[in-house]
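A.B. asks: The structure under discussion is supplied below as structure tokens; questions concerning it will follow.
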Amino acid sequence: MALLAVSYILYWSYFEFYKYSTFQSSYFDMGYMPHSLYLHLYSPQMIPGLQYFVFGEHLSLFAFQVLAAFALLQNPMTPILLQELSLALASIVAYMIGKRILNNRMVGLALGFAFLINAGVRGITVYDFHLEGFIPLFYLLAFYFYMRDSKKGFLISYALLLSTIETSLVVGLTLLAGVFFYELFWNRKLSGEERKRQNKRKGMLIAALAITILFGIFYIGVANSLTTSYQNGGYAITPPNQKLVNFFSFQLQTLENPGGVSYSPYGLYLMGTAGLINLFLGFGTTSLVNPLLSILLVSPWIGEVFILHNLVFATFNNEYYAYAIGGALVSAVLGMLIISKAKMPGLLGRLFPSNLYQISGTIFSLSIMISLLLFLITFPLPPFLLNGAPNLNYTQINFLISQIPANAYLMSDVSLNPHLYYVQNLELTPNIQLKGFTPSGFSTIDAPLYWFRPTYIAFDTNFSDFGTIQNANFSIYAYMGSNYTLYRSAGGLQIYRLK
């Protein structure tokens, strides 16, 4: 299992490094986090007060651990490496759950392998870095320590889960509800020492609920404070509540035009359904023993995809699978425990012992084959087959953009931004899809940095995002007009400076 985990780290780290080095990583999944970390380290005056708890438009306490690692190794790949390490460790925990809780080493190996090849896990990593990527590790650790009656381990792991990102509150609550209903309906006939252990676990759930309330008070209090401050302007990173307002505004726009040219709603329904099936079967057909419990444990992902995002993100390539990966695995494990307590009557009882561990290989074979099939169908191409541009001199591009002063007021496109995280005043080119925004007005919108008049503008005509800044609705050249002059250029890269 350790060898599989190491292979996972090596492959995905190289995959992400290739994307980054060939300018295929985008600002919103790669650049914004290193830039936010850089501001926290070197420009705290831009994020005063409670705003300091905001990382990349999210409230997070765990992000301070990422910040510490970034301070030691100041590189955009540092958060990526931590994310891949976290997911690899989660597969080890999945293995330990099978070995220690189900008392079967082979089942543990199957769980760990199913975790690594699950298309949802790949979705967390394929688009660079996300704070959600740390949720599965702490989720599975919390479950492991809960089932092992380790109060200290459970509460610490659960608190770390809630610290990752503000939306993890919902993930944590569904975990508590899932194990509570398991204890209530399928783990009732206990006596003696087992009853005492169950009462101890109930006390652990009460303590975890209290921790959830404290985190909720913190997140909501900070978000409300930042929303009030944000209305007065002057903040570098959009507070979560303001992001939430803009987010729901976008949902209304999506509902107004559900058949827009940007995506096919029917195709996304199909992908979302396939994703849900993969979550249920990718970790064991036993998750279907009690579908209501399984649905509860993956409900954060269901709500995110089928309600909040209107299916825009109902694909395998999305970080929101982090909300359900742990729940899907736990539902499979609880299903195995439920079956192991069942008495099969008659001939079935003689053919298949009530002790599930003796037939665990059969139970998991179908699940692993389904997960492996989905893995092969949806697996991303190897790094050397990505849509790079071999005719471009990436070393030359890096050299030229390094000529932009770190104290400049810079506007650059999404492909260049991840390489310019050290520029304090950094903003994206105007996004024409955001209603109510006029490029000439520089009004404040839902972006990690407030809009300002840039002294430098950098973009590359070879990159795909150039199409969004050079079309019938908005032209970067028309915007610059006679106010900017060419500063550096090579191939398709163009850097303009304010006259």
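A.B. asks: Of the listed peptides 319-325, 276-282, 42-48, what is their order by residue-averaged count of other C-beta atoms within 10 Å, with the highest listed first? Before the final figure, lay out the partial values.
C.D. replies: Working: 319-325: 27.7, 276-282: 22.1, 42-48: 13.4.
In decreasing order of mean packing, 319-325, 276-282, 42-48 become 319-325, 276-282, 42-48.
A.B. asks: Okay, next question. As an exercise, identify the trypsin sites (Lys or Arg not before Pro) in region 167-225 lying in DSSP coil whose Cβ has no more than 15 other Cβ atoms within 10 Å.
C.D. replies: Values: sites: R188, K189, R195, K196, R197, K200, R201, K202; in loops: R188, K189.
Here the trypsin sites (Lys or Arg not before Pro) that fit, given the DSSP loop and packing criteria, are R188, K189.
A.B. asks: Taking K and R as +1 and D and E as -1, what net charge do the other residues with C-beta under 15 Å from the C-beta of I97 add up to? Spell out each step's value before the answer.
C.D. replies: Details: positive: K99, R100, R105, R148; negative: D149.
Summing Lys/Arg as +1 and Asp/Glu as -1 gives +3.
A.B. asks: Next question. Stretch R497-R100 to full length: gain in nm at 0.36 nm per residue minus the Cα-Cα span?
C.D. replies: 136.7 nm
A.B. asks: If each residue of separation counts as 0.36 nm, what is the full-extension length gain between Y14 and F399 once their alpha-carbon separation is subtracted? Walk me through the numbers before you get to the answer.
C.D. replies: Values: separation 385, 0.36 × 385 = 138.60 nm, distance 2.22 nm.
Using 0.36 nm per residue and subtracting the Cα-Cα distance, I get 136.4 nm.
A.B. asks: Follow-up question, since we're still on this one. Where Lys and Arg each count +1 and Asp and Glu each count -1, what net charge lies around K151 among other residues with Cβ under 9 Å from its Cβ? Please report the intermediate quantities before stating the final value.
C.D. replies: Details: positive: K152, K200, R201; negative: D149.
Around K151, the surrounding residues sum to +2.
A.B. asks: Quick check: net charge around S26, other residues with Cβ under 10 Å of its Cβ, Lys/Arg +1 and Asp/Glu -1? Can you show the working numbers first?
C.D. replies: Details: positive: K19; negative: D29, D128, D413, D465.
My count for the surroundings of S26 gives -3.
A.B. asks: Could I ask something else about it? Within region 80-101, list the residues whose amide N lies under 17 Å from a label point set 7 Å along Cα→Cβ of I156.
C.D. replies: It comes to 90, 93, nothing else.
A.B. asks: Under a crude label model (7 Å from the Cα following the beta-carbon direction), how far is F64 from N224 in nanometres?
C.D. replies: The two pseudo-label positions are separated by 2.3 nm.
A.B. asks: Sticking with this structure for a sec: Please sort 104-116, 172-184 by packing, taking for each peptide the average over its residues of neighbouring beta carbons within 10 angstrom, highest first. Working shown, then result.
C.D. replies: On the way: 104-116: 22.5, 172-184: 19.2.
Put in order of decreasing packing, that is 104-116, 172-184.
A.B. asks: Give me the extension gain from A490 to L190: residue separation times 0.36 nm, minus the current Cα-Cα distance, reported in nm with one decimal.
C.D. replies: Values: separation 300, 0.36 × 300 = 108.00 nm, distance 7.37 nm.
Gain on extension, A490 to L190, equals 100.6 nm.
Just so you know, all these numbers are worked out from the coordinates, no wet-lab data involved. In this text, all values refer to a predicted model and were calculated from it rather than measured experimentally. Cβ: placed from backbone, ideal geometry, glycine included. Neighbour counts: every protein chain shown.
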